[in-house]
1. From the residues in the range 27-85 that are more than 18 Å from Val171 (Cβ to Cβ) and of a type in the set (Lys, Arg), which one is surrounded by the most Cβ atoms within 10 Å (Cβ to Cβ)?
2. Could you give me the residue pairs with C-beta distances under 6 Å whose first residue belongs to the range 120-131 and is buried (at least 20 other Cβ atoms within 10 Å of the Cβ), whose second residue is acidic (Asp, Glu) and part of a helix (DSSP H, G or I) wherever it lies, and which are 6+ apart or on separate chains?
3. What's the number of the only condition in (1) more than 17 Å from Arg38 (Cβ to Cβ); (2) at pLDDT 90 or above that Lys175 fails to meet?
4. Which of the residues spanning the range 149-170 are β-branched (Val, Ile, Thr) and either assigned to a loop (DSSP other than H, G, I, E, B) or surrounded by 19 or more Cβ atoms within 10 Å (Cβ to Cβ) (or both)?
5. Restricting attention to the range 185-205, and to residues there that are under 15 Å from the mean Cα position of the chain (by Cα) and among the aliphatic types (A, V, I, L, M), which single residue is surrounded by the most Cβ atoms within 10 Å (Cβ to Cβ)?
6. Residues Glu55, Glu49: which one is acidic (Asp, Glu) and not in a helix (DSSP H, G or I)?
7. With respect to the numbered conditions (1) modelled with pLDDT of 95 or more; (2) not in a helix (DSSP H, G or I), which one is the sole condition not fulfilled by Glu233?
Amino acid sequence: MHALSSLDFAALVFFLLSWFGYHVLLELTGLGERGLNRMMNDYRYTWMEQMVVRENRIVDSTLTSSLQNGTAFFASTSLVALGGVVTLFRSTDTAVTIFADLPLGLPTTREAWEIKVIGLAIIFIYAFFKFAWSYRLFNYVVILVGAVPVLTVSNKEEARVAARRAAALNVVAGKHFNRGQRAFFFALAYLGWFVSAYILFLTTAGVFLVMWRRQFTSDARRALLDPTSSETEI
């Protein structure tokens, strides 16, 4: 008998297609051009363009450091979460019984539980690599910011090219950070599978819709389009 049922396979495929489909729609299609992430990328370029005309760049260094610190926090959280996942292997029998007794919970085998735990571990490992690489890239951004020459009459083009190079790497660092954070969100959806495949369908659809709304219909996006708006998202 297979460890996973046909329903489990269907729910897992739905989960993976939703994650990959969101990635494709947001990063590889024209629709993503209207998303919140892409709009913020434009501001990353604006930030670097403004930096060129500032002789004192303490503010820029501080802002870049704050991005690094936030990324380091999520990288550390990924390792903590991974450690928690590892401990699930030590209490498999108890956990299987508890989750089966939950509302909508379905009986599962030890093999199926361990497969689900391994899947969750893979998600957090992926998230850690994304956050760790993003942290490294933000470190490179700091170096590029320091390499941007002070704007003078004779080096305008050189300074602007250097600033755009720093902005481009800033965008790449932000892209990998977003992918790591996306893994966290879908990890929350994945937890539904520990209860039952039916819950995984619901949690995956819920996470997808919430992330989609924040990218394309949220108050944060409307604030960028219309700065006079006084509404804020909770």
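The values are calculated or read from the model by the stated rules, or taken from the named source; none is laboratory data. Everything quoted here is computed from the prediction, not taken from an experiment. Note that we place each Cβ from the backbone using ideal geometry, even for glycine, and neighbour counts take in every protein chain shown.
1. Arg57
2. So the pair list comes out empty.
3. Condition not satisfied by Lys175: (1).
4. At the first step, the residues of the range 149-170 found to be β-branched (Val, Ile, Thr) are 150, 152-153, 161.
Result: Val150, Thr152, Val153.
5. Restricting to residues being under 15 Å from the mean Cα position of the chain (by Cα) and among the aliphatic types (A, V, I, L, M), the top hit is Ala189.
6. Glu55
7. If we test Glu233 against (1) modelled with pLDDT of 95 or more; (2) not in a helix (DSSP H, G or I), just (1) comes out false.
So that you can scan it fast, the table gives a plain yes or no per residue for (1) touching a residue at least 12 places away in the same chain (Cβ under 8 Å); (2) closer than 21 Å to Ala167 by Cβ; (3) in contact with a helix residue (DSSP H, G or I) (Cβ under 9 Å, 6 or more places away or on another chain):
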residue	(1), (2), (3)
Ala3	yes, no, yes
Leu7	yes, no, yes
Trp19	yes, no, yes
Asn41	yes, yes, yes
Tyr45	yes, yes, yes
Glu55	yes, yes, no
Thr62	no, yes, no
